[in-house]
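The values are calculated or read from the model by the stated rules, or taken from the named source; none is laboratory data. The structure displayed is predicted, hence computed values, not measured ones. Every residue, glycine as well, gets a Cβ built from its backbone with ideal geometry; the counts of neighbours run over all protein chains shown.
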């Protein structure tokens with residue numbers, strides 16, 4: 001059930017394996033979307049040095065504030081200096097929603113697995 005690092009293995013349950021495969025696919029698609037945005041926005045000089053970040057579990061682009069109206073998406077935050085605006089591109093919103101749902105399902109499935117194991121050792 002556990003790997004060498006003490007983490008619950010993918011194969012601990014069929015449901016967990018399916019969830020983790022879906023998370024992997026989600027990350028691949030997300031990487032492709034963000035890579036395209038980063039390449040395009042870097043060429044036009046619209047990205048900050050950090051390029052991207054995570055805010056409240058959501059992947060966002062670090063856009064220079066003067067270009068924030070040129071990027072279609074949801075603004076999540078601004079840097080303390082006000083020079084950077086963190087934007088989640090429109091075409092990534094649903095993907096980020098799915099990622100959060102999958103991560104929640106993963107936590108619940110791990111809890112179920114651990115609860116089942118605990119039940120085996122209780123009198």
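Observations on the structure shown:
- Which listed residue, of 6, 82, is touching a helix residue (DSSP H, G or I) at 6+ places or on another chain (Cβ under 9 Å), part of a loop (DSSP other than H, G, I, E, B) and free of Cβ contacts under 8 Å to residues at least 40 places away in the same chain: 82
- Every residue from region 59-77 that is surrounded by 14 or more Cβ atoms within 10 Å (Cβ to Cβ) and within 17 Å of residue 36 (Cα to Cα): 59, 60, 61, 62, 63, 71, 73
- Scope region 15-68; condition without any contact (Cβ under 8 Å) to a residue 12 or more places away in the chain, more than 17 Å from the chain's Cα centre (by Cα) and within 20 Å of residue 100 (Cα to Cα); matching residues: 17, 18
- In region 35-53, the residues that are at pLDDT 95 or above, surrounded by fewer than 12 Cβ atoms within 10 Å (Cβ to Cβ) and outside any helix (DSSP H, G or I): 44, 45
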